[in-house]
1. Which GluC sites (Glu not before Pro) in the stretch 371-439 pass both tests, a DSSP loop state and at most 16 other beta-carbon atoms within 10 Å?
2. Tell me the mean residue ellipticity at 222 nm calculated for the chain from its helices only (DSSP H runs of n ≥ 4, each -39500 (n - 2.57), averaged over every residue, nearest 500).
3. Normalising by the residue count of the stretch 17-119, find the relative contact order in percent from Cα pairs under 8 Å and 6+ residues apart.
4. Over what distance in Å are the Cα centres of the stretch 78-136 and the stretch 376-417 separated?
5. If packing is taken as the average count of other Cβ atoms within 10 Å, what order do 208-215, 40-47, 127-134 fall into, highest mean first?
6. Could you give the nm distance between label points at Gln137 and Glu401, where each point is 7 Å from its Cα heading toward the beta carbon?
7. Once you place label points 7 Å from the Cα toward the Cβ at Phe25 and Phe84, how far apart are they in nm?
8. Antiparallel DSSP bridges in the chain: what percent, to the nearest 5?
Amino acid sequence: MTAVSRISNQPLAHQWMPFTANRAFQDAPRLIARAEGVYYFNPQGEKLLDGSSGLYCIPLGHGRREIREAVTRQMEVLDYAPPFQYGVPAAFQLAQELAEMLPNGLNRILFTGSGSESVDSALKIAIQYHRVRGEGQRQRFIGRERGYHGVNFGGWSVGGMVNNRKAFGLGLPGVSHLRHTVIPENKFVMGQGEHGAELADDLQRLVDLHGADSIAACIVEPIAGSTGILVPPKGYLERLREICTRHGILLIFDEVITGFGRTGQAFAADTFGVVPDIMTLAKAISNGSIPMAAVAVREDVQQTILDAAPPENVEFFHGYTYSAHPVACAAALATLKIFREEDTFARVRALTPAFLEQIGGFKDLPYVTDTRGFGLLGAVELAPEGKPGARGYKILCKAFEAGLVLRAAGDTIVLAPPFAATAEEIARMVEIMRAVITAN
Ligand SMILES: Cc1ncc(COP(=O)(O)O)c(C=O)c1O
């Protein structure tokens, strides 16, 4: 029998890294060994600024003592209990606190473990809601070009990020997409552009084409994050809301990035004054410490589903082993407490004007083709150099060498500083980013 070598002599080859150029990484790894506050440290102990709040998920900075202690306490008391047909106190408390924090009416909370799980859960809730009301023919979903709703089959099908779609086949049937909202008239506008509210009428066109009675839900990110911070034009979200309401279509806001303060209020729904029927949440809910995510549902939508089944029956055949994980709930409760006690979102509002001005200042660099931003989300779009995305990737690598971790969405460079950063630390992030873009 031939001997099989089970262990490769390339130690980095065993981890198949997500959303990563694996082979390039193995040749030139970017390792992060430790973090504290708004800084990472590489294995050599050199400091790097965290310019992306982890992956938009660590707004309070790394290593918050209160969260660590809450997690440890919960581990000591109850490490796990099955979430199906049993409940843990921390999950009910967390659901109540979220319900109090969310816009009126969004007060029924289903826990999941990631943004992708929340999105697929939300889509299933929409289908079942219509079905139990005798409108089972409402099965279509409307997403948007350049939207990102995670990587599960529902999420990528309604998403509109080309690279996340093209390798995986057909996806869900019956999905249509609105056009995205980046238009030349709003170039270099920081905040909401004056033009483009009428792009929401794409939804009306799809209603006219397919019939409202075939459409279950429309899902959008209030600000599309992963394709480079696409801020909704003034009036756009309002118009989507009107069209959904008029035609009985559920409006789902994917607030996985915008939720918990990124726009200066608890949720983008508050900031923009538009309330969806279902909202997906993840990322900042537990300050990145333990995977945790949620779907917030309008009370009557959930109640309709509950009422459709006899009381002893499971009403919604859906859930995850790690839904409402007690340790994740403890981490989230500690996070929400800090948000309240430190008035964290007011801090975001205070830091925002200077940050957006600094990002807007990239306009004067030679190959910058657009700047966009809202709250503590800022994007600088660069002209491609050769293959699309190559320049963005180069900037990401060079920024790491210069002591800054940031996001590259194709050729758009994104800064999303932790809310815990000082104005000086944010200015330093911008300065490093500017130096790297200028030199490359
Ligand atoms: C808007 C939005 N939805 C969903 C997701 C997916 O979340 P996760 O990576 O936790 O599955 C993301 C992740 O970036 C996101 O930005």
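None of the figures in this text is laboratory data; all of them are computed from the coordinates on show. None of the values given here were measured: they were computed from a predicted structure. In this analysis, Cβ positions are derived from the backbone assuming ideal geometry, glycine residues included, and neighbour counts consider all displayed protein chains.
1. Those satisfying the criteria are Glu385.
2. -11000 deg cm²/dmol
3. 12 percent
4. The two parts, judged by their Cα centres, are 35 Å apart.
5. 127-134, 208-215, 40-47
6. 6.2 nm
7. 3.2 nm
8. Given both bridge residues lie in the chain, the antiparallel proportion sits at roughly 65 percent.
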